[in-house]
1. Could you check, for segment 51-72, whether at least one of its residues is touching a Ser or Thr at 6+ places or on another chain (Cβ under 8 Å), crowded, with 21+ Cβ neighbours inside 10 Å and in a strand (DSSP E or B)?
2. Out of the residues in segment 40-50 meeting the condition of being assigned to a loop (DSSP other than H, G, I, E, B) and among the aliphatic types (A, V, I, L, M), tell me which one is surrounded by the fewest Cβ atoms within 10 Å (Cβ to Cβ).
3. Going by what's in this entry, would S37 be described as exposed (fewer than 11 other Cβ atoms within 10 Å of the Cβ), farther than 20 Å from G100 by Cα and either touching a strand residue (DSSP E or B) at 6+ places or on another chain (Cβ under 7 Å) or among the β-branched types (V, I, T) (or both)?
4. Output the number of the condition that A16 fails; it satisfies all remaining conditions of (1) closer than 20 Å to M105 by Cβ; (2) without any contact (Cβ under 8 Å) to a residue 24 or more places away in the chain.
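Bear in mind these aren't lab numbers, they're just calculated from the coordinates by the rules spelled out. Nothing here was measured: the structure is a model prediction, and the numbers come from that model. Because the Cβ atoms are built from the backbone with ideal geometry, glycine has one as well, and the counts that use them run over all protein chains shown.
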Amino acid sequence: MNALDSTSTRPYLIRALYDWCTDNGFTPYVAVSVDDSVQVPREYVKNNEIVLNISFDATSSLKLGNDFIEFKARFAGSAREIMVPISHVIAIYARENGQGMAFPMVAPSAAGPVSSAESGSDAGLAAPAAAPSSAPAPHSAADGPDAKIMQLVPESTPDAGDGGPETPPEPPKPPRARPSLKRVK
């Protein structure tokens, strides 16, 4: 089996970073590139991107599958079904510190949604995308022609001559909705 025949590593990395976030008490956020194949509330989409909180507290029936991320969530008090193709996930990161991973975006095709031949592998991917405006900017890309993983936040403080930001920008705040109480039995 060669590299082109193997399945994509993206869903495995997303699940691993989700587990890392929850194990460390962080809130996992995913940045998603939105098109017709993505089922999200369109009123929250900006620049064809949306950032979703996929924590246990914010979702119900969360399924991090190999092809889709599916869950139910409340937006402004109304329950919505969310379905995101794995190939449209731009990044997954912890809200509290910005650490996570960015992924290359899928090249837009004239035929519309990603074909079934492309959905199982990383074939047809373009150069790594810039991090979404809501996620911290990538510090550096991994070296090598096969490198597709980016570090969003440096593990150490950048030097003054490094030119990097001193602190990562704050993640986006969700739209303010009317406060509500949750009954716990």
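1. The answer is yes; a qualifying residue exists.
2. Ranking the qualifying residues of segment 40-50, first place goes to V45.
3. No: the conditions fail for S37.
4. Condition not satisfied by A16: (1).
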